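Report on one structure; see the data block that follows.
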Amino acid sequence: MARSRSNRGKGWMVSMIRKQALRLLVFRALCAFALLGLSLYAAVILRYYGDAYEIAKFQAGLGARVLVFAIAPMLGMVALGQYQLQTRSTWFGILARQAVGFALGGLLLVVVYYAVPAAYIGRGVLGIALLLGFVLVTAFHILFMHLTETESLKRRVLILGAGIRASQLMSLVREEADRLGFRIVGFLPCQGEAPAVSDGRVLEPSLPLHVIAQREQIDEIVVAVDDRRGSLPMEALLGCRQLGIDISDMTTFFELESGRLQLSFTDPSWLVFSGGFNATPLCRFSKRCFDLGVAALVMLLTWPLMLLVALAIRLESGSGQPILYTQERVGALGRTFKLYKFRSMHTDAEKDGVARWARQNDDRVTRTGHFIRKTRLDELPQLWNVLKGEMSLIGPRPERPQFVADLSHKLRYYSLRHCLKPGLAGWAQLRYPYGASDEDAAEKLKYDLYYVKNHNILFDFLILVQTVEVVLFGRDAR
């Protein structure tokens, strides 16, 4: 059945998530929320079985207690990437993420109940409810994953074009198609176009486009012809659009499905007319308020850890050795600033003055440095850069001037990542391993530009919450 979609240029939620995928995501989250509420109610019945007074007493404030109880594990699961569209896991992966998510939710509930004693539900009820909730929500997520993988629920996509660009698109989206629930039905060559995809995927263009689209039950047509000049069947595409079939170009399609920009598809005119790059005064003000509030809160919560890290560095290196490390980095609009970190390398790590990428098992790193890099504690002093306004909490990571000068000549659009303040965390850090080469920088640039184009407060919040997974598991630390 054909589906329509709202304007992609109106905000991150539209450009980030397909309408069908958004509905499934909301349905999944609401079901999990309902199961958590049911778990709490069942836990009260089991804990106070036969005691009508205690059950009635608990039910008096049931709504507020269910809300508090359900939100905490949901935040834990979001932090572990359970509701990230691009995450695809086995049943064991879901079980592991769910377990850690519920553990985080349980810790958050302990803090909430300590701060607000009136919301406390008792250790017995809490333990039973978390156990029941874990079992029910995990079973539901595994069942949901199984059902959404069926062919009948996948979006059916027709590629208009069968030449070089279409074959490039096919190779790039092969993994995404399996992960995100769409199926490429076939390729329809335009007049005069030499097919470059396998013959088994090429459809015969003997019938009108709208007839083929209806026959194949197409949900979306992606335009990927090698030469658009005079070769696009605009009347036929308009007819398909009137039938409710989505029409998109290959650059936009890839951006929405993969969460990154494919630079080989991207030209300046697409960047100009595609929407995004929201830099209104209101957007900048809200982002600054978000940065100040969260940075101040994190500093308040982590200052004991920072004192312990400073002590460990002093004990290992001895008196007279610096605890903090400052390094020049490139910020917004190409301006440089001094970035603060806890020192994790020996003081003579770059005594020859040559800038080098960090390596796996880098011998320049101290014993304390290995630990604070793995746990990301070495990044905490950058909160001061955030408070000073030199950095943001979320954004492209700041690079050294030597690397920026080199990469700006090698990588197209690299300078675009500097239209925003650099960030302590970022979309590229969530989606791509640690970059230690020009090739890695090119791949991370695709995610950085996606963030620059689509950033807003909600996107920042989701990145911040999911960064918890990176910190907990030390993913890609060097």
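Residues of region 250-285 that are farther than 17 Å from Arg165 by Cβ, part of a helix (DSSP H, G or I) and among the aromatic types (Phe, Trp, Tyr): Phe273, Phe285.
Among residues of region 371-389 that are in contact (Cβ under 8 Å) with a residue 12 or more places away in the chain, those with a beta-carbon under 6 Å from a residue that is acidic (Asp, Glu) and assigned to a helix (DSSP H, G or I) at least six positions away or on a different chain give the pairs Ile372/Asp378; Val386/Asp291. Checked against (1) touching a Leu at 6+ places or on another chain (Cβ under 8 Å); (2) surrounded by fewer than 21 Cβ atoms within 10 Å (Cβ to Cβ); (3) touching a residue at least 40 places away in the same chain (Cβ under 8 Å), Asp438 passes all but condition (3). From the list Ala425, Ala405, the one residue that fits, being of a type in the set (A, V, I, L, M, F, W, C), surrounded by 20 or more Cβ atoms within 10 Å (Cβ to Cβ) and in the same structural domain as Ala295 (by TED's automatic domain parsing), is Ala425.
Apart from one condition, Gly293 fits all of (1) modelled with pLDDT of 85 or more; (2) within 25 Å of the chain's Cα centre (by Cα); (3) within 23 Å of Tyr447 (Cβ to Cβ); (4) exposed (fewer than 13 other Cβ atoms within 10 Å of the Cβ); the exception is (3).
Screening the candidates Glu257, Glu316 for the property of being in the same structural domain as Lys421 (by TED's automatic domain parsing), surrounded by 11 or more Cβ atoms within 10 Å (Cβ to Cβ) and farther than 30 Å from Glu390 by Cα yields one hit, Glu316. If only residues of region 395-441 that are at pLDDT 90 or above and of a type in the set (Ser, Thr, Tyr) are counted, the one that is farthest from the chain's Cα centre (by Cα) is Ser408.
In summary, Lys446 fulfils each of the numbered conditions (1) within 23 Å of Phe285 (Cα to Cα); (2) crowded, with 21+ Cβ neighbours inside 10 Å with the single exception of condition (1). Quick check: anything in region 189-199 at pLDDT below 80, acidic (Asp, Glu) and surrounded by 17 or more Cβ atoms within 10 Å (Cβ to Cβ)? Yes. On the given criteria, is Leu40 assigned by TED's automatic domain parsing to the domain that holds Leu107, part of a helix (DSSP H, G or I) and modelled with pLDDT of 90 or more? For Leu40, the condition - assigned by TED's automatic domain parsing to the domain that holds Leu107, part of a helix (DSSP H, G or I) and modelled with pLDDT of 90 or more - is met.
The values are calculated or read from the model by the stated rules, or taken from the named source; none is laboratory data. Note that the structure is a prediction, hence the values are computed from the model and not measured. A quick note on method: Cβ atoms are made from the backbone with ideal geometry, for glycine too, and the neighbour counts reach across all protein chains shown.
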